[in-house]
Amino acid sequence: QVQLVESGGGLVQPGGSLRLSCAASESIFNSYTVGWYRQAPGKQREFVARINNGRIPNYADSVKGRFTISRDNAKNTVYLHMNDLKPEDTAVYYCGTDRGSGRYDNWGQGTQVTVSS
């Protein structure tokens, strides 16, 4: 199974920016749809953004215009660029892969994002 490693989380003030990375162990990752999801304490995991193998993105309404998802196939990596961060963006962010079934069946360990002054 492809190993996924998220990184780039941290503590940032409201209005700040972060770039999350989802690095994969194998290049077959580049043929998958990759999604970012997040889970805040006491809440269910929710969709943030996804990108397919044609680099077509899709975003949750709550992050449209602030977050950008991209992928670098040479590095087997998908990025989530997050701008104008808000306290409600605080969560553990996970990347996952959909191999074509429409279901995410492989996840990384997550990276914590905390937005606070």
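The values are calculated or read from the model by the stated rules, or taken from the named source; none is laboratory data. It should be emphasised that the depicted structure is a prediction, and the values quoted were computed from it without experimental measurement. Heads up, the Cβs are rebuilt from the backbone with ideal geometry, glycines too, and the neighbour counts pull from every protein chain shown. Accessible surface is based on the protein model in full, side chains and every heavy atom, while ligands, DNA and RNA are left aside. Shrake-Rupley method; radii C 1.70, N 1.55, O 1.52, S 1.80 Å.
Within region 1-52, how many residues are assigned to a loop (DSSP other than H, G, I, E, B) and open to solvent by less than 40 Å² (accessible area, probe 1.4 Å)?
6
If you go through region 63-75, how many residues are part of a loop (DSSP other than H, G, I, E, B), open to solvent by 30 Å² or more (accessible area, probe 1.4 Å) and either charged (D, E, K, R) or touching a residue at least 24 places away in the same chain (Cβ under 8 Å) (or both)?
Adding up the residues that qualify gives 1.
If I ask for residues that are within 15 Å of GLN112 (Cβ to Cβ) and either over 11 Å from the mean Cα position of the chain (by Cα) or charged (D, E, K, R) (or both), which ones from region 17-30 would you list?
Matches in region 17-30: LEU18, ARG19.
Considering region 88-117 alone, what residues qualify as being in a loop (DSSP other than H, G, I, E, B) and open to solvent by 20 Å² or more (accessible area, probe 1.4 Å)?
Correct list: THR90, ARG99, GLY100, SER101, GLY102, ARG103, TYR104, ASP105, GLN109, SER116, SER117.
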